[in-house]
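The values are calculated or read from the model by the stated rules, or taken from the named source; none is laboratory data. Since we're looking at a predicted model, the values are computed, not measured. All Cβ positions, glycine included, derive from the backbone under ideal geometry; neighbour counts span all protein chains shown. When the accessible area is computed, the model is the full protein with side chains, heavy atoms only, and any ligands, DNA or RNA have been set aside. Shrake-Rupley method; radii C 1.70, N 1.55, O 1.52, S 1.80 Å.
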Number of protein chains: 2
Amino acid sequence: MAKQAPPGDPQMIGLDWGTSSLRAFLIGSDGTVLAERNGSDGIMAVSPDAADLRGEFSRIAQTAIGDWLPAHGSLPLLACGMIGSTQGIAEAGYLDLPTDLGAVGGQLMTVELTIGELHIVPGLQKTSTDATAPDVIRGEETELLGLLSAGQTEPTTVVLPGTHTKWVSCEGTRVTDFSTSMSGEVFGLLSTSSILSRLAEPTDDFHLDAFDWGLSVGADDPAALTSSIFSARTWALDGRLHAEAINDYLSGMLIGAEVASQLTTKADSAAPFIVCGTADLTMRYSRALRRHGRETTEADPRAAATGLFRIAEQSGLVPTKETTND
Amino acid sequence: MAKQAPPGDPQMIGLDWGTSSLRAFLIGSDGTVLAERNGSDGIMAVSPDAADLRGEFSRIAQTAIGDWLPAHGSLPLLACGMIGSTQGIAEAGYLDLPTDLGAVGGQLMTVELTIGELHIVPGLQKTSTDATAPDVIRGEETELLGLLSAGQTEPTTVVLPGTHTKWVSCEGTRVTDFSTSMSGEVFGLLSTSSILSRLAEPTDDFHLDAFDWGLSVGADDPAALTSSIFSARTWALDGRLHAEAINDYLSGMLIGAEVASQLTTKADSAAPFIVCGTADLTMRYSRALRRHGRETTEADPRAAATGLFRIAEQSGLVPTKETTND
C-alpha cells in the first residue's frame, strides 16, 4: 500500500484555461478542491502578436497561483482548455473519435513556464465525413472525465451548455460523437443587438411562464426558428408578452428548438441526460429535456477539477488514489 | 372617355418611406416612373422625442421632393411604409386578413405637412390564434399591389426578401396569410459580430459553390440550424471552406433552412413564386426555390411605385387609367 499524503495536503494545481476565463484549483490527494480562484485572464488576455507569448502566460499564471506554489519543491501543474490551441501557448493536439478518456493522460504535452513545467491536456476531434462537418472540443474532454463513471456502460448523453453548447455521446468514458450548437451565441446577439432587443427590458428575474411558452413554440416547429423568433416582437407589440419577459421567451424558443432537434438523433434510451453548466443554464436545459419526458442529472459544476485530477492520476503526475472497500 | 394627361406629365408623387430609407417616385399618368430618388432619411432620422414631429418630417419631404412640386397647383402625395406607424408621423391603421388589396385606397389616412396633404397607406395585420402569433406588414401591401394581377385567381406566394423577409399567400389581389422570417437579420449579426465572423474575409464576389453547399446543408435539416451554422467555423478551420466564401456558405444555409421550412406549409401548386427584392437577394431566394423544383418569377423592383399609383387610382387621387382592348 503506497504511502499517500493526507487529503488536506495540496497535491497538484489544475487550470481550466479557456478563451475568456481562467479557473484555478488547488487539489488535495483525494481530488478534493482545497481552494479555487476564478479570473478573466483567458487566452484572449494575451495578444497573439506578443513578442514573448510564453513569458506573458507565465506572468498570468504567476499572478493567479504563485502563492500556491511551495517555497521548496513543486506541485504538478496541469491545464485544459484553449490554452492548448494555436491561439494559446502551444498546440496540444487532439485525440480522434471514438476515444476512451482513459487515454488522455498518456497524451499530455509539456511546456516550460517560469513557474515550472505546465502539462496540457489534448482536445478531441471528430473528422469530417461526406455527411457531417468536422468538430473539435478543448476543455470539455476534461469536464467529461470528471462527470463520467468508468464502470458505467449504458450510452449517455452529456450536455455542456454555454455560448457554444456541446452535446456529447458517451459509453462509459468512451466518447463516440459530439456536436456543437451556437444557440447561446445566437441568443446573445438577438437579445442585445437585434430588433427584438429594442422592445426588451432585461431583468435578473426568471420568467418561467414566458420561458415555457418559448420552449413550446421552439420545440413544436424547430425548422421554423428564424420565423418564430419574430413572434417575440409581435407578441410584445400585441401586449401579450411583457417587455421584461421577452428574453426568457426567446431563450426558451432557442433552447426548445435545439433540444427537439438533438433528440431526433438520440436513441430513446432510458439513461438520464447529464447536464453540466452554470446553475441557470443547467436549469433551462433540464427543463427543456424533461418536457420531452427525458430524465436529467445535474452534474457538479466543478467537474473540470475532478477531471484534471483524474488525468493527473492517469499520467502519474500524482499517485493513483487507492480503491478501498471500507 | 375622360380626358387624361399625356404620360410624360407628372400626376402624383409616391413615397416608400421606411425605417431606414426614403424612396421617392415622380409618377406619370399611366403609372410610369418619371424620376426616382433614394435617400437614407427613413423614419429613424427623426427622434421620437422631437418637439415638432410633423415639422421634422415636413422638412425631410421638402428636401427630398420640394423641387418636384409645381409652382402653382399641387400633386397628390401618397406614402406607404413605416411612416404610417406609431414611430412615424401618424398611425395609419391596419386592414385585417383576409383582405383584398383593392380596398386599400378607401382606407387612407391624411395628415397636413407644410408642403401639402400627405396621404398614408394602411398596413395589413394578421390577428393571433391559439396556434399562431400576430404579425403586421407596412409597405409590403403596396409592393404586393404593384406585383399582383387582379385577373389572376390561382393561389400565389410572394416572397419579399430583406432584413425581415415576408412570405405572403395571395389569391389574385386577396391576401390570405403572411409570415416574417428574420434570417436576413440573423445573417447580418452572424456575419459581423459572431465567432464565425472572425475567420471570414468579406468580399463583393459571389461564391456560388459555397452558397449552394450552404443551401443544401440548411435545407437537409432546417431544424438543426443553430448547430449547422457552427460548421462555417469548423470547415474553415479544416481548410475546405475558404475565408472569402464563409459568408456565402452561411447565407445559403440560412436561406436554405428558411425556404425548406416555408415550403412545408405551402400547397404543392404549380403557380410560380414571385420574388421581389434587391437583385442579389432575389437571385439567392430564386435559386433556393428552384432547388426544390419550384418555378420563380422575378418581379420589377419598382413594384412599390406601381402599387402607389394603383392605390392613388383606387382612392381617386389620380384619374383611373382606362382599360383598352387594343
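Among the residues of the stretch B:248-266, is there at least one that is in a loop (DSSP other than H, G, I, E, B), away from chain A (no Cβ under 14 Å) and out of contact with any helix residue (DSSP H, G or I) (no Cβ under 7 Å at 6 or more places or on another chain)? No. Of all the listed residues (A:L26, A:L75), the sole one being farther than 30 Å from A:P134 by Cβ and in contact with a helix residue (DSSP H, G or I) (Cβ under 6 Å, 6 or more places away or on another chain) is A:L26. Quick check on B:E143: is it farther than 30 Å from A:G214 by Cα, among the acidic types (D, E) and either at pLDDT 95 or above or not in a strand (DSSP E or B) (or both)? So B:E143 fits the description; yes.
Here the condition is being out of contact with any Gly (no Cβ under 7 Å at 6 or more places or on another chain) and either among the polar types (S, T, N, Q) or within 27 Å of B:I65 (Cα to Cα) (or both); of B:T127, B:T153, it holds for B:T127 alone. When B:T114 is tested against (1) open to solvent by 60 Å² or more (accessible area, probe 1.4 Å); (2) under 24 Å from B:A260 (Cβ atoms), only condition (2) is not met. Picking from residues in the stretch B:271-294 that are surrounded by fewer than 19 Cβ atoms within 10 Å (Cβ to Cβ) and within 11 Å of B:T156 (Cβ to Cβ), the one that is modelled with the lowest pLDDT is B:A271. Taking the stretch B:272-302 as the range and being of a type in the set (S, T, Y) and either in a helix (DSSP H, G or I) or in contact with a Ser or Thr (Cβ under 8 Å, 6 or more places away or on another chain) (or both) as the test, the residues that pass are B:T282, B:Y285, B:S286, B:T296. Just to be sure before I move on: is A:W235 facing another protein chain (nearest Cβ under 9 Å) and of a type in the set (F, W, Y) in the structure I sent? Yes; evaluated as a whole, the condition is true for this residue. The condition of being over 22 Å from B:T19 (Cα atoms) and within 14 Å of chain A (Cβ to nearest Cβ) holds for only one of B:D100, B:D130, that being B:D130.
Screening A:R37 against (1) within 18 Å of the chain's Cα centre (by Cα); (2) closer than 29 Å to A:D135 by Cβ leaves a single unmet condition, (2). Would the stretch A:7-19 turn up any residue that is under 18 Å from A:F309 (Cα atoms), of a type in the set (D, E) and buried (at least 19 other Cβ atoms within 10 Å of the Cβ)? Scanning the stretch A:7-19, I find at least one residue that is under 18 Å from A:F309 (Cα atoms), of a type in the set (D, E) and buried (at least 19 other Cβ atoms within 10 Å of the Cβ), so the answer is yes. Every residue in the stretch A:172-183 that is within 9 Å of chain B (Cβ to nearest Cβ) and not hydroxyl-bearing (S, T, Y), please. Scanning the stretch A:172-183 gives a single hit, A:M182. Every condition in (1) of a type outside the set (S, T, N, Q); (2) crowded, with 19+ Cβ neighbours inside 10 Å; (3) more than 27 Å from A:L145 (Cα to Cα) is met by A:F57 except one, and the failing one is (3).
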